[in-house]
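No value in this document is a laboratory result; all are computed from the given coordinates. What you are looking at is a predicted structure, and each value in this text was computed from that prediction instead of being measured.
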């Protein structure tokens, strides 16, 4: 449950590109499956309950991805600029490199557990 909370609930921290895309795909598939299930069984109006948690989880994923490149989640508001805003945001989320090492949003996710082969020799 802590992985779920880490990736989808708390907007603090950083995400790598690969982790972002895998989680975005997982979130989209879960939303589509639940949407179809509710729509078939309870009607179209019942699907409205899915939107608040889906939008929150999407916000969390995107803000963490922006944090990886040392950008605030406020940069998500760039989508209000027609054409250029969504294109720039898509580029940052999809192809933008994260900052190397620690930044104000946390440790580099690529370096977490990277030294698993190192041996510490005690004196």
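Working note: Cα gyration tensor of the range 41-81, eigenvalues times five, square-rooted, sorted largest first, giving semi-axes of 29, 12, 5 Å.
Each part gets one Cα centre, and for the range 79-96 versus the range 27-70 those centres are 20 Å apart. Below 8 Å between Cα atoms, with a sequence gap of 6+, how large is the relative contact order for the range 2-94 in percent? It rounds to 36 percent for the range 2-94.
Per residue, the convex hull around the alpha carbon atoms of the range 2-94 comes to 107 Å³.
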